[in-house]
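The values are calculated or read from the model by the stated rules, or taken from the named source; none is laboratory data. Bear in mind that the values here come from a model prediction, so they are computed numbers and not experimental data. Cβ sites come from the backbone with ideal geometry, for glycine too, and all protein chains shown count toward neighbours. In case anyone asks, the SASA skips ligands and DNA or RNA and just uses the protein heavy atoms, side chains included. Shrake-Rupley method; radii C 1.70, N 1.55, O 1.52, S 1.80 Å.
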Amino acid sequence: MSTRTAAPTRREQILREAARLFAERGFHGVGVDEIGAAVGISGPGLYRHFAGKDAMLAELLVGISERLLTGGRRRVAEADGDPAAVLASLIDGHIDFALDDRPLITLHDRELDRLRDADRRKVRQLQRQYVELWVAAVRDICPEVPEAQARAAVHAVFGLLNSTPHLGSYGSGQPGRAATEALLRRLAHGAFGALAPRTVHPNGPSGSGPDSPSSVRDEPSARSV
C-alpha cells in the first residue's frame, strides 16, 4: 500500500504560507501580494481562493480547532474504551500538532481577537469540546479527581505543549525532533502523574525507557494546579 502523501492543493499552500507570514510578522504586517508571492501567484489571484486576509485567518484558526477536535474524537474511538490509552493517544496527537503547526499556535495567541464574533465563538466552542475529551479521559482513570482540578491540569498541559513556538529549531533533522517529542511526552505524562499517578499510562506507546510514560510514575509529585 502506498504511503505517499498527497501534494497540497493551492488553497492549502496559501494557508500554510499565510500562517507562516502572519506568525513571523503579524497579521497587519503582511500584505496579500506577499502571500501570493510566497506561493507563486499574484496577490489579486488569491481572491479566487479567499475573500481576503480576514478569511484566511478565520479558516486557519477555525480549521485547526476543527482538526484537533476531529482527531481527538478519532483517537478516543480507536482506544476502544481504555482511558489510559485515550489519554496517551491524546497527548501524542497534541504533540504532533504542537511540533508541526507552531505558526498556528502563535496566530491563536496573537490574532484570535481579530476574528469576527461568530468565528471567534466557533473557535471557543470547538476548543471547549476538545478540552472535555481530555477531562473525561483523566476522570475515567481517576474518578476521585474533582472535575475542576482535572480541567485545570488539562489546561496546564496545553500550556506546556503549546510553548513550542519558543523552542527555536529542533536541532539537526529528525533526531532533534524526536528528542523534542520525547521530552514533551515525558513532561506531559509527568504533569498528569503529579495530579494523580494513575493518569500515567503504564504501557504507553513509547514502551519502556527514560522517555516512556511509565518512567515518570514514581517521580516526586509537584503541587497540583
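Shown here for the stretch 114-166: trypsin sites (Lys or Arg not before Pro) in loop regions (DSSP other than H, G, I, E, B) with at most 15 other Cβ atoms within 10 Å, namely Arg116.
By how many nm would the segment from Glu78 to Arg11 grow when fully extended, if each residue of separation counts as 0.36 nm and the alpha-carbon distance is taken off?
Taking Glu78 through Arg11 to full extension adds about 21.1 nm, to one decimal.
Taking 0.36 nm per residue of separation and subtracting the current Cα-Cα distance, fully stretching the chain between Leu99 and Ala37 would add 19.7 nm. If you take all other residues with their beta carbon under 13 Å from the beta carbon of Arg121, and give Lys and Arg +1 and Asp and Glu -1, the sum is +2.
Sparsely packed loop sites in the stretch 131-171 (the GluC sites (Glu not before Pro) outside DSSP H, G, I, E and B with at most 10 other Cβ atoms within 10 Å) comprise Glu144.
Among the trypsin sites (Lys or Arg not before Pro) in the stretch 2-63, those located in a DSSP loop and surrounded by at most 12 other Cβ atoms within 10 Å of their own Cβ are Arg4. For the set Asp119, Asp80, Asp96, the ranking by accessible area, highest first and with no ligand, DNA or RNA atoms included, is Asp80, Asp96, Asp119 under a 1.4 Å probe. Projected over every direction and averaged, the convex hull enclosing the alpha-carbon atoms of the stretch 1-111 yields 8.4 nm².
Residue-wise HN-Hα couplings along the stretch 91-100, as the Karplus relation 6.51 cos²θ - 1.76 cosθ + 1.60 with θ = phi - 60° gives them from phi, are 4, 4, x, 6, 4, 4, 4, 5, 8, 8 Hz; Gly and Pro carry x.
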